[in-house]
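Undergrad: My structure is below; once you've seen it, I'll send some questions.
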Amino acid sequence: MWYGAGTVLRCNDEAAVRLDDFDDSINVEDQRGQSFGGGFGGGGLPFWLLFTVWGWFGCGGVALVIAGFAAFGLLRNVGHEAGTQQAGFAPGGHSVAQSCNVNAYSHESCNALSSLDKTWKPVLTRMGVPFRAPKLVFYAREGESGCGEAQSAMGPFYCPSDQGIYLDTAFYDETAGKLGADGDFARVYVMAHEFGHHVQNLLGTSDKVRAAQVRSPSAANHLSVELELQADCYAGVWAALNADRIEPGDIQSGLKAAHQIGDDTLMKEAGRTPVEAAFTHGSAAQRMHWLKAGLDSGGNPEVCDTFADQ
């Protein structure tokens, strides 16, 4: 998961990540324009509970609640399996091209997904891990995922149940300017971070962390932070493997973004005293450290062992 409500990445055109245009091989679903009833009839996870948990514990708490419900099979799996969709078609009545060209952010996100697919597939294959491309699910204000209801207030997130990256592109507009993280690398960093969670899912890391959280509830939040920091590192690994497509200013943009979305930075800006026990994604220093570790790795994901001190 990215950092939830209130997170922003402001961008300009001073530097540009030069990604190839997407093609119809990417998995895209489009829920924009569809109507969702809201709530979770039939025993799903009530959305009011997500907001309550978010208010107390942030998005890390929301992630833990979702994981807990999923572990006991209480979530309604409403996601479509990416492998069942036809090539070039985005469920919901739109082609991939149509969905990816709704606006500039959609196009950019599809380009990023294509690059991430092409970058991580050979890396995981060399590691002996079968690659399965995730799906990118666009929605507006509310949607449905294999992890329950999707809401714009939650920010971009990854759902392991249906291997989907969920994105309301209004996230970039509605919160623009609040953090001052310039450069379009910051937006691609969002996609690369969420794709990092997909990599964790394919590697089995996510399942191991959830099992450890069940065994040791007191360490659950700390483990969630380590998982988020590893996703930051994996974002850096992707960037390292695409260094020829990244402008010099993009790296600084990414590091600045990592600093601005550190838990301590956000707590200070909210007038709160930073408390490590309440962190959900890591401090500014930690997020910068692990993004840079990935950037400096030469494309080696083995440097991203954020759990080494466990």
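Here, each number is a calculation from the coordinates, and none is a lab measurement. Please read these numbers as outputs of a predicted model, since none were measured by experiment. Using ideal geometry, Cβ is built from the backbone for each residue, glycine included, and neighbour counts are taken over all protein chains shown.
Undergrad: Relative to the present Cα-Cα distance, how much length would full extension add between residue 302 and residue 126 at 0.36 nm per residue of separation?
TA: 62.1 nm
Undergrad: Sorting 288, 191 on the 10 Å Cβ count, fewest up front, what's the list? It would help to have the intermediate numbers written out before the result.
TA: On the way: 288 20, 191 24.
Ordered from fewest to most neighbouring Cβ atoms within 10 Å, 288, 191 come out as 288, 191.
Undergrad: Just rank 107, 94, fewest to most, by other beta-carbon atoms within 10 angstrom.
TA: Lowest to highest Cβ neighbour count: 107, 94.
Undergrad: Report, by chain and number, residues whose modeled amide H sits under 5 Å from the one on residue 28, excluding near sequence neighbours (fewer than 5 apart, same chain).
TA: 136
Undergrad: Spin-label point model (7 Å from Cα, Cβ direction): what's the residue 215 to residue 245 distance in nm?
TA: 3.9 nm
Undergrad: For 171, 195, 307, what ranking results if the residue with the fewest other Cβ atoms within 10 Å of its Cβ goes first?
TA: Details: 171 22, 195 26, 307 15.
Ascending number of Cβ neighbours within 10 Å: 307, 171, 195.
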